[in-house]
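For reference, the structure is listed below as structure tokens.
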Amino acid sequence: ASWCRTVSVLYWASMPPKGPACKPQLLVCYLCGQQFGTSSLKIHVPQCYAKKLAQWEAGDPATRGKKPRDPASIDLEAASAPQNRDEFNDQQFKQFTADMEQCENCGRKFLPDRLVVHQRSCKPGGGSKPVG
């Protein structure tokens, strides 16, 4: 048993250190804000767009928000280059947050379908403080 423990310790000691340099480099989806690997994002974005577009078309025109942006305008190939990932993620996250709508009562931002739910409990003059 001690031989197995020694081999195990030696094996893990020989592994490269973990830390920020070893974290997987994930990319942000501009539609849902989730992170995906470079290969997975290429599969996810068209599916996510179709889902968001169907939700947008079925939604109430007064509350559905802006139409989702077509994924053809995004260069997913350039995003897979390591030197472009941070810039790509910043752009995608800004696009995701730009599509959010602000609550008239408290100033917080929500996805259009979630804003309706939030406004049920966020009343003018209530206990919540405006953001600002």
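Using R0 = 30 Å, the C-beta based FRET efficiency linking Ser73 and Val116 works out to 0.60. Using only Cα coordinates, the Kirkwood hydrodynamic radius of segment 33-111 works out to 14.1 Å.
List the GluC sites (Glu not before Pro) within segment 30-125 that DSSP assigns to loop and that have no more than 12 neighbouring Cβ atoms inside 10 Å. Listed in order of number, the matching sites are Glu104. Can you list which of the chymotrypsin sites (Phe, Trp or Tyr not before Pro) found in segment 37-132 are DSSP loop residues with at most 15 other C-beta atoms within 10 Å? Within segment 37-132, no chymotrypsin sites (Phe, Trp or Tyr not before Pro) qualify (loop, at most 15 other Cβ atoms within 10 Å). Pairs over the 21 Å Cα-Cα cut-off, from the set Lys67/Lys109; Lys94/Lys123; Lys67/Lys123; Lys42/Lys94: Lys94/Lys123; Lys67/Lys123.
A full extension of the chain between Glu57 and Lys94 corresponds to an added length of 11.0 nm, given 0.36 nm per residue minus the alpha carbon distance.
Of the residues Lys94, Lys123, Lys42, ranked by 1.4 Å probe accessible area with the largest first, the sequence reads Lys94, Lys123, Lys42. Per-residue Karplus couplings for segment 89-99, computed as 6.51 cos²θ - 1.76 cosθ + 1.60 with θ equal to phi - 60°, are listed in order as 4, 4, 5, 5, 5, 4, 5, 4, 6, 5, 7 Hz, Gly and Pro entered as x.
The values are calculated or read from the model by the stated rules, or taken from the named source; none is laboratory data. Bear in mind the structure is a predicted one, so any value in this text is a computation, not a measurement. Methodologically, a virtual Cβ is constructed for each residue, glycine included, from the backbone with ideal geometry; neighbour enumeration extends over all protein chains shown. Keep in mind that these areas ignore ligands, DNA and RNA; they rest on the heavy atoms of the full protein, side chains included. Shrake-Rupley method; radii C 1.70, N 1.55, O 1.52, S 1.80 Å.
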